[in-house]
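The values are calculated or read from the model by the stated rules, or taken from the named source; none is laboratory data. For clarity, every value in this text was computed on a predicted model and none was experimentally measured. Cβ placement follows ideal geometry from the backbone for every residue including glycine, while neighbour counts extend to all protein chains displayed.
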Amino acid sequence: MESQVAATAAATVGASARRSPSGAQFRISHGEHRATITEGSAAVREYRVGQRDVFQSFGEHEIAPAYHGAVLIPWPNRVATGRYAFDGEEHQLPITEPERNAALHGLACWLPWTLENHQPDRVSLSFRILPSPGYPFHLDTTVEYRLDHEGLRVTTRSVNAGDRPCPYGLGFHPYVAAAPGSVIDECALTLDVRRRLVPDELLIPKGDESVAGGGYDFRGARQVGSTSLDDAFSDVVRDAQGRSWARLQGVDGRTAAVWADQNFGYWQAYSADRLPEPMARRAMALEPMTAAPNAFNTGDGLIRLDPGESFTAVWGATLL
C-alpha cells in the first residue's frame with residue numbers, strides 16, 4: 001500500500017501541483033461525477049456532474065477565497081474571543097478573524113494534509129493536530145472522499161491520540177452552486193431545520209427562535225430573492241435514513257444538494273454576499289456542523305473525546 005500511495009503521489013504532485021497554493025491536486029471520478037480534492041485544507045476544490053457545477057470551484061492556481069470546500073476541525077465556525085475553558089483550564093486560541101475577535105474554523109485549514117490512499121474513485125487524507133498552547137490536545141483525523149452513482153460521500157474519522165480528554169467539533173464548508181450564469185437570488189432554497197440561532201453583531205449566538213412562518217423558514221422550497229444569510233440553524237429534520245438535507249434549486253431545474261448523517265445537528269447558511277466578484281451570490285455555503293458556533297464555550301453540540309476514543313461522521317452531496 002505504501003508503494004501505491006507513493007507512486008500515486010509522485011504522479012499527482014507534478015511541477016504544476018507544487019506551484020499551486022492548494023498543493024497537490026487529487027482528481028477522482030465515477031461516470032459523470034468528477035471532483036478534485038486538494039492537499040491544502042483537504043478541500044473539495046471542485047465537484048461537478050457532467051458540465052454542471054455542484055460546488056462553486058476555485059482555480060488550481062488561486063487561493064481558496066473563503067474556506068471553499070475546507071475541513072473544519074477541531075471546531076467549526078467561531079470561538080468568541082478565542083477563549084474557552086475545558087476541564088477547569090483556560091485556553092487562548094489564535095485570533096484568525098480579527099474583525100470579529102474570533103478563532104474561526106479550527107486548526108486544519110490552509111495547512112497540508114497527508115495522502116493515505118488514492119484510487120480512481122476515491123482519495124483519503126490525514127491530518128495530525130499536535131498539542132499547542134491554545135489546544136493542548138493530540139488529535140488524528142482521516143477524511144475519505146468517494147464518488148459513486150449517487151454522488152459524493154465524505155467519511156471523517158477523528159481519534160484522540162493523546163492522554164487527556166479533548167473538546168471536539170467537525171464541520172465542512174462547501175459552496176453550493178447556482179445554475180451557470182445565474183445568482184442565488186433566482187434559486188429556491190430548502191433547509192431541513194426548525195430553529196435559527198439568533199446571532200449578535202459578531203455572529204455569536206445569543207439565543208434561538210423557531211423559523212416557522214418567518215423570513216428564515218426554508219423548510220419548504222422558497223426563492224432566496226434578496227435574503228442575506230450568515231446564520232446557524234438547529235433542530236434538524238431527518239429523513240428515513242437519518243439524514244438532513246440542504247438543497248439549492250437553480251433556474252435550470254437542477255438541484256445541488258448536500259446531506260448529513262445523524263452526527264451533524266447544525267447547519268450554517270451563508271449567502272456569499274462578501275465574496276469577491278464574480279463569485280458573490282453565485283453560490284451559497286451550506287455547511288453541516290456537529291456543533292453550534294461558539295460550542296467550546298456553550299457546550300452546544302460539543303463532543304468530548306476521551307483518550308483513544310474516536311468519532312466518525314458522514315456527509316455527502318449530489319445533483320438532483
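Below is a table of values for the structure above.
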item	result
Enumeration of residues in segment 25-47 that are surrounded by fewer than 24 Cβ atoms within 10 Å (Cβ to Cβ) and of a type in the set (A, V, I, L, M, F, W, C)	ILE28
Lone qualifier among ARG243, ARG254, ARG247 - being over 17 Å from PRO288 (Cβ atoms), among the basic types (Lys, Arg) and modelled with pLDDT of 95 or more	ARG254
Given (1) in a strand (DSSP E or B); (2) hydrophobic (A, V, I, L, M, F, W, C); (3) in contact with a helix residue (DSSP H, G or I) (Cβ under 7 Å, 6 or more places away or on another chain), number of the condition LEU125 does not satisfy	(3)
Segment 194-222, residues that are free of Cβ contacts under 8 Å to residues at least 24 places away in the same chain and outside any loop (DSSP other than H, G, I, E, B)	VAL198, LYS206, GLY207, GLU209, SER210
Segment 139-157: number of residues that are within 19 Å of GLU39 (Cβ to Cβ) and either outside any strand (DSSP E or B) or among the hydroxyl-bearing types (Ser, Thr, Tyr) (or both)	5
Residue match in segment 78-100 (condition: under 19 Å from PRO288 (Cβ atoms), surrounded by 22 or more Cβ atoms within 10 Å (Cβ to Cβ) and in contact (Cβ under 8 Å) with a residue 60 or more places away in the chain)	yes
Strands (runs of 3 or more DSSP E) lying entirely in segment 37-104 (those with 1 or more residues that are of a type in the set (A, V, I, L, M, F, W, C), on the phi < 0 side of the Ramachandran plot and out of contact with any Lys or Arg (no Cβ under 9 Å at 6 or more places or on another chain))	44-49, 78-80, 83-86
Segment 203-247, subset buried (at least 16 other Cβ atoms within 10 Å of the Cβ), over 20 Å from TRP315 (Cβ atoms) and of a type in the set (A, V, I, L, M), residue farthest from the chain's Cα centre (by Cα)	VAL211
Matching residues in segment 256-278 - criterion: being more than 14 Å from HIS173 (Cβ to Cβ) and of a type in the set (A, V, I, L, M)	ALA256, ALA257
Complete set of residues in segment 269-301 that are farther than 17 Å from VAL54 by Cβ and touching a Gly at 6+ places or on another chain (Cβ under 6 Å)	MET289, THR290, ALA291, ALA292, ALA295, GLY301
Options HIS68, HIS33: the member that is touching a residue at least 60 places away in the same chain (Cβ under 8 Å) and within 17 Å of ALA285 (Cβ to Cβ)	HIS68
